[in-house]
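> This is the structure I have questions about; it appears just below.
The values are calculated or read from the model by the stated rules, or taken from the named source; none is laboratory data. None of these values were measured; they are calculated from a predicted model. Glycine also receives a Cβ, built like all others from the backbone with ideal geometry; neighbour counts cover every protein chain displayed.
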Amino acid sequence: MKKNLILLSVCMLILSSCGSIKDFRYFQDTSAGDVNQVTNALQAVTIKPYDKISIVVTCRDPQLSTMFNLVSTSNRVGQTAAQSTGYGYVSYYTVDPQGYIDFPVLGTIQVSGLTRSEIAQKVKQRLITSEQGVKDAAVTVEYADLHVGVLGEVKTAGVVPIDRDQFTILDAIERAGDLTQYGNRKNVKVFRKAGTQVETYEVDMTNFKGLVSSPVYMLQQDDVVYVEPNNVKARTSTATGNTLLTPSFWMSVLSVGISIAVLLKN
């Protein structure tokens, strides 16, 4: 009986430990030399209505550059326009509900659904065909306030800025400081607004092949990533929720079992 109790306790400890380690590790289906195809690798962030972007036009002629840049000057209270210092900063364009921006001199330009490089190329083409015929312009497009939200069991929850054309869920989690030990790696949710609806996706961070083939591997602006608490965290809501998973509990069981076995033997 004594041997059986010892064997039973050891087995329970091993099983509980293995289960927690398996749930904790990322990308369990990968090994050295694996090659996984990202099905939406070419999907870049595109501009949507109400986004903010900056567009800077640089020409050899400084006057032309000033003409095509949306610049705000900084005035002190009480100053007139003539008293302004003349120093300014590039303002942001806000995309209207129809997907257009109002560009200096060139007028309205449709930008919704376009990437940064596509917008830059479109503006450059409009500059070439304009009355000024600007052929040497360099056009730079930057995101102003594009971001995703990361909530739940991560080290630093909050807003994560999008600073590149291809922004993945791994980028977002990295910026949030990684999942905590209580994050459920097998069921990370992504909420995505589509018109008047919000779509819900689920990804398994332990399955890399499934992750890179998910439509939310590449994130879009305003996506929200939510990391659910795992069972260990959920059980902390009760006083003894995690007691059965602790080594000290099973050592106590083993000690009591040995004591009972000794008493029965005597």
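> Of everything in the stretch 186-202 that's under 22 Å from Arg25 (Cα atoms) and at pLDDT 95 or above, which residue is surrounded by the fewest Cβ atoms within 10 Å (Cβ to Cβ)?
This residue is Glu202.
> Select from the stretch 165-202 the residues that are more than 12 Å from Val225 (Cα to Cα) and among the aliphatic types (A, V, I, L, M) and list them in ascending order.
Correct list: Ala194, Val198.
> Looking at the stretch 164-199 only, could you name the residues that are of a type in the set (A, V, I, L, M) and farther than 18 Å from Tyr217 by Cβ?
Val198
> OK, next. Can you work out which of the residues in the stretch 222-234 that are buried (at least 20 other Cβ atoms within 10 Å of the Cβ) and assigned to a loop (DSSP other than H, G, I, E, B) is modelled with the highest pLDDT?
That would be Asp223.
> Would you be able to tell me the number of residues in the stretch 135-163 that are closer than 15 Å to Asp223 by Cα, free of Cβ contacts under 8 Å to residues at least 60 places away in the same chain and assigned to a loop (DSSP other than H, G, I, E, B)?
Within the stretch 135-163, residues that are closer than 15 Å to Asp223 by Cα, free of Cβ contacts under 8 Å to residues at least 60 places away in the same chain and assigned to a loop (DSSP other than H, G, I, E, B) number 2.
> On to the next question. Any chance the stretch 50-61 includes a residue that's closer than 18 Å to Val111 by Cβ, at pLDDT below 90 and either among the aromatic types (Phe, Trp, Tyr) or within 30 Å of the chain's Cα centre (by Cα) (or both)?
There is no residue in the stretch 50-61 that is closer than 18 Å to Val111 by Cβ, at pLDDT below 90 and either among the aromatic types (Phe, Trp, Tyr) or within 30 Å of the chain's Cα centre (by Cα) (or both).
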